[in-house]
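Structure first, then comments.
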């Protein structure tokens, strides 16, 4: 359908539209008009993505200015979400008039590991080794030597891509359309072009780019991939409820004993290389020295393939001046690094937990190892330059020294919002010595600030952004619009319940100390057992941590509960092995598709909870076993809480509850995809019954949480579940009855008075 | 029912001479007493055990009656009678008794054979060759479908249709069903191997494992390494018993989580080590499968796009702390892994068709089926399917316009008018039914005389004044309008509610039954035209009389005074009309034949 919001013609790929989608678009349009940032909470299951895509693309089509059309950068948390977005985009494009469609190009970008089609590079196991295998075949010096000596292997795909790219305008390499990773690989195979570099090249011309958060937020990656993005971009962070964590992680480094050992090995190897070069090609080192003397820490225009992970500090914070004299010579720089590694080794030998600010740490580095702040700050760029000079291709081997330099650069650059924590062992396993030195960032606003400054509009949206006023404070920005939408429902298609007692009326909770008691474990098991026999198709369970899940599954196995559950449904379990978890998920879906029914046991802060949808028959019920608090004794968390309290006046308890409940809401929110879908959510912990806890859930869940569904015991929950399922099985009127319409047709939208929308 | 006593010979096979004696048949039991009191061949058999009966053709060498028994009770009872008349008396009796059991219990019946008895003589010859299997199948169908059973009872027992005629129209049902029942295979049990848990007797340190072929098959499918080891080692290197002892030992070590002991044992015994080591076949399989995984759940791709969590970088999250000591291959297998593997195997289903008896055979068959499945579909196809699925998954189905084909809704304002109109059309199409057509060629003179006649009649008798009592008329009229309008108002409001549900249950059932019978009869009736053989002529005669019966019954239902009279008549009207059409056709055909063949009475002979 096609309708107008003010002066913009919006193309929407369906015959009907939900009223909240319409409102969402109106707010979005205002944001774009105001060229500001916004924060929108929209319940899952209301077609957020399609509303976003159709409004922004329609907007940019109608506002094609002389500076070129507005570009959409869509950031997802995971690759599988990227695939979903691209599928939605494809659907949207297929409903556009063909003259508009032909001008649009959209693609996803991922790492080499996901895009490479070269069999040699692809045979490498990990991402880093694929990266370095690619480098080994495509680095500029490798290609130069291959031009002289045909025996040097190169990558045919890259060579033919390079020829095509240089011979014609890069903008016409890919015809218009939507390209998922799969499609890019197919195009690459068909034409013999390297899909990765094709994608890297094309994102500068594409109208829509879909990639992962870190391609914008992590300065290391952003500096090579997103550097050339213009201001005329709309940046969307979808599923952004965890965006503060991503920002923090992007600027955090941890150093372990293995890292330091590896770094020492790397330094030895580099010394050998330098000696070799001195003997064979001394001019090269001298050229580098001269270049550094002229103040060019980074070489000008690097070949596309030579670029490596960039500087870990944000672009504005990188010093644009000459490298200090005492690390300009390669040997001197190496000895500085040696001293640093030695110093860090010494710090790791501590027996107590130590927490320090960056300033104090830098001072102690200066006094004990003789390395000043400026040298630390240049560590990364100097290392990068040296590695290019030495023509090192196996970058995966040099990750350790790179980590150390990351660390050095970050502590040299930032004085606020970070702390350095040294722990001799993990508190949960005090008998295993595992010293770790962590530089942790506490301030999410540091990493995201350049994004807000650089791009015209940043849209932060998710199904769970409650409380919505907290995010502007955490991220330190001023949204022009900040709004939380509710869901207009044709029928009560979600059914949240708070379960506090087992059938034997004993309290159930994952409170520390009680969670492993047999009564709790048995009651949790009985709950699952009752539910698998009552609920059809898929059931998803979330536990608070891997270790708790392992423990409880083992107990269930010994009690025979697991066997009983298997009588009703197949059981799949998330493990820490991604391959196995992916296969388990795939099989889970297959089991649900074929009607067999299955249970998926998963972890609330694990990978599955982060982005896998359990909509429709893939999830008719979610059970949240316990409240997913972070591990509260963790030093990093404590340090962050302290920082939040001092800087933003956010109370520790409030933040912890907020964090736990956004996680829980995120887990349970994945059951609904559309209004035709339905699902139940069980919060199984007595602590949810407290008002201060469950009131932090997003509004669209709270509005369905009836008083009768609080403080339930297992048998009551089963009865409610049966009743709910029976009710949902009835046919219903999709358009909504009575005065409230929940499905608008084209005419309805046209009839909507535009002033009425202002009232919201 | 009476008791029948008959002289007969009892024999176990057709060939042998048989023991002469007296056969006595009662309502639920038959007994056979040999003439020779010393003979041990005394029988007393409950009819409930009898599944069916067969008999020799009239006029064949012997007058035989074979009562077949439920298979688990053994063969049947063959009786030879002195003549066919005696036999037929017994045969009919048996048929009735068995038919009665069938209607009583609707289980454990033998309809086809009782149908055979009641069927007309001409048809019997063709049915007798029915195999017992087919009969069982038909019985099963009848048992499963109570409506079919009712219809069968009504038509076949009512002598309207023969057994074969009844089933001839349901060939598809027969074929299709038998195929399906054959191909169903049982899968693996959902439960994990609970039986392989060790059991201890509590006194000694001995631990007992019990393995069945079923369990072994499951072990082979879930643990390819064990399967491979079995194929390699048994029986060349060790006996099967040794193999399983080793396996159980490894399992036990694993179960007790004694990784040190496991490592020690594995170091000494390389065969044992096979069971404890990481399963490389599974790892390869996983690598192969991961390429085809649905991209929307592909977390591996995500993992390899994650530059924040460099292998030595970033904050440790809960659980991400994994100290993998690669030198220790053993005992890394967790319960979660086992559970996932088990569920995968159950989901894949059992590929084997062979009986589980010999372990070696099981192992080899499994290897064969694996080979076959490993060269299956190419990646391209999988990708195509994947993409289609992704598109399907992304659509929001309730925002979509409905996918069904465009149609114009049928709008019948007045059903009666509609059906009457159809009726006239049908009759016109038939043509030749001159008796019904109205002669419009009435000339003015005739009309005048007719009117004159009417007037004179009135003059003679005088006009009743008033013709009808006005208040009575008003009452009747308002009553009628109210009823009609109210039904019109009530009906069609709710799609779930039909007119039928408003009737009393008895009436509803009756109407449904009649409707089904009419459909069946009409199907047979119309398929019998053109009549080419005497057999068909007979059939049509039978059908016509049956239809006439139903016609009368319907009329009776229609005429019953009740609140629903109007709706009932609305419902019944089309049925009656369809029957009328059939009768009209019959009459017309009859008429044609009689005129064509002149005086020849047997008009059907062509």
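Computed from the coordinates by the stated procedures, all read-outs in this text should not be read as laboratory data. Predicted model only: the values in this text are computed from it and were never measured. Ideal geometry is used to build each Cβ from the backbone, glycine not excepted, and the neighbour counts take in all protein chains shown.
May I ask for the angle, rounded to the nearest 10°, between helix A:358-369 and the longest principal axis of chain A, with both axes built from Cα atoms and the value confined to 0 to 90°?
30
Based on the Cβ-Cβ distance from residue B:268 to residue A:397, what FRET efficiency comes out when R0 is 30 Å, to the nearest 0.05?
Efficiency at R0 = 30 Å is approximately 0.20.
Between residue A:326 and residue A:265, what length comes free when the chain is fully extended (0.36 nm per residue of separation minus the Cα-Cα distance, one decimal in nm)?
Full extension of this stretch gives 19.7 nm more.
Taking neighbour Cβ counts within 10 Å as the exposure measure, how do A:288, A:249, A:148 sort from fewest upward? List each step's numbers first, then the result.
Working: A:288 20, A:249 25, A:148 8.
Ascending number of Cβ neighbours within 10 Å: A:148, A:288, A:249.
Under the Kirkwood approximation for Rh and a Cα-based Rg, what ratio Rg/Rh is obtained for region A:251-443?
Radius of gyration over Kirkwood radius for region A:251-443 works out to 0.97.
What is the Rg over Rh value, at two decimals, for region A:611-760, using alpha-carbon atoms and the Kirkwood definition of Rh?
Across region A:611-760, the Cα-based Rg/Rh ratio is 1.06.
Need one number: nm distance between label points at residue B:283 and residue A:258, each 7 Å from Cα along Cα→Cβ, rounded to one decimal.
In this crude label model, residue B:283 to residue A:258 measures out at 1.6 nm.
Over region A:494-728, calculate the relative contact order: mean separation of alpha carbon pairs under 8 Å at least 6 apart, over the residue count, as a percent. Mind dumping the intermediate values first?
Details: 395 pairs, mean separation 79.9, N = 235.
That works out to 34 percent.
Looking only at other chains, what is the average number of their beta-carbon atoms within 10 angstrom of each beta-carbon in A:537-548?
Going residue by residue through A:537-548 and averaging, the value is 1.
For a quick check: sort B:572, A:672 by the number of other beta carbons within 10 angstrom, fewest at the front. List each step's numbers first, then the result.
Working: B:572 17, A:672 26.
Going from sparsest to densest Cβ surroundings: B:572, A:672.
Against the longest alpha carbon principal axis of chain A, how many degrees, from 0 to 90 and to the nearest 10, is the axis of helix A:546-559 turned?
Helix A:546-559 sits roughly 50 degrees off the main axis of chain A.
Using a 10 Å cut-off around each Cβ of peptide A:584-597, what is the average number of partner chain Cβ atoms that fall inside?
Going residue by residue through A:584-597 and averaging, the value is 4.
Determine, for A:162, A:33, the number of other Cβ atoms within 10 Å of each Cβ, and report the residues in order from fewest to most.
Values: A:162 20, A:33 15.
Listing A:162, A:33 from fewest to most nearby Cβ atoms yields A:33, A:162.
If each DSSP helix of 4+ residues adds -39,500 (n - 2.57) and the sum is divided by the residues in chain A, what number results at 222 nm, nearest 500 deg cm²/dmol?
Taking each H run of at least 4 residues, the total per residue is -14500 deg cm²/dmol.
Which of the peptides A:44-52, A:251-259 is most tightly packed, and how do the rest follow, going by the mean number of other Cβ atoms within 10 Å of each residue?
A:44-52, A:251-259
Under 8 Å for C-alpha pairs, at least 6 residues apart: give me the relative contact order for region A:342-472, rounded to a whole percent. Please report the intermediate quantities before stating the final value.
Working: 130 pairs, mean separation 37.5, N = 131.
RCO, region A:342-472: 29 percent.
Starting from the 7 Å offset along Cα-to-Cβ, what nm value, one decimal, do you get for the label separation of residue A:690 and residue A:282?
7.3
Could you rank the peptides A:201-214, B:85-98, A:100-113 by their average count of other C-beta atoms within 10 Å per residue, with the highest value first?
A:201-214, A:100-113, B:85-98
Taking only Cα atoms, what is the 0 to 90° angle, nearest 10, from helix A:518-534's long axis to the longest principal axis of chain A?
Taking the Cα atoms of chain A, the angle to A:518-534 is about 70 degrees.
When the chain is fully extended, how far beyond the present Cα-Cα distance does residue B:334 get from residue B:12, taking 0.36 nm per residue of separation? Mind showing how you got there, number by number?
Working: separation 322, 0.36 × 322 = 115.92 nm, distance 6.37 nm.
Answer, rounded to one decimal: 109.5 nm.
In peptide A:110-119, what is the residue-averaged number of other protein chain Cβ atoms found within 10 Å of each Cβ?
3
Answer rounded, prolate or oblate for region A:119-183, using the Cα gyration tensor with square roots of eigenvalues a ≥ b ≥ c: rounded when a/c is under 1.5, else prolate when a/b is larger than b/c, else oblate.
Numbers: a/c = 2.88, a/b = 1.25, b/c = 2.32.
The shape class here is oblate.
Taking the highest mean first, how do the peptides A:621-632, A:448-459, A:554-565 order by number of other beta carbon atoms within 10 angstrom per residue?
So the order, starting with the most tightly packed, is A:621-632, A:448-459, A:554-565.
Hey, any idea what Rg/Rh is for region A:80-194, computing Rh the Kirkwood way over Cα pairs?
That ratio is 1.04, to two decimals.
Taking the Cα-to-Cβ direction at residue B:5 and at residue A:172 and moving 7 Å from each Cα, how far apart do the two end points lie in nm?
11.1
For region A:494-728, what does the alpha-carbon gyration tensor say about shape, rounded, prolate or oblate, given a ≥ b ≥ c as the root eigenvalues, a/c under 1.5 as rounded, and a/b over b/c as prolate?
Numbers: a/c = 1.43, a/b = 1.34, b/c = 1.06.
Judged from the Cα gyration tensor, region A:494-728 comes out rounded (a/c under 1.5).
Would you please classify the overall shape of region A:66-108 from the alpha carbon gyration tensor, given that a ≥ b ≥ c denote the square roots of the eigenvalues, rounded means a/c under 1.5, and beyond that prolate means a/b larger than b/c while oblate covers the rest?
oblate
For an R0 of 60 angstrom, estimate the FRET efficiency from the Cβ-Cβ distance between residue B:348 and residue B:60 and round to the nearest 0.05.
Result of the calculation: an efficiency of 0.60.
At R0 = 51 Å, how high is the FRET efficiency between residue A:101 and residue A:648 if r is their beta carbon distance? Nearest 0.05 is fine.
That gives a FRET efficiency of 0.65.
Which whole-number percent is the relative contact order of region A:251-443 (Cα, under 8 Å, 6+ apart)?
36
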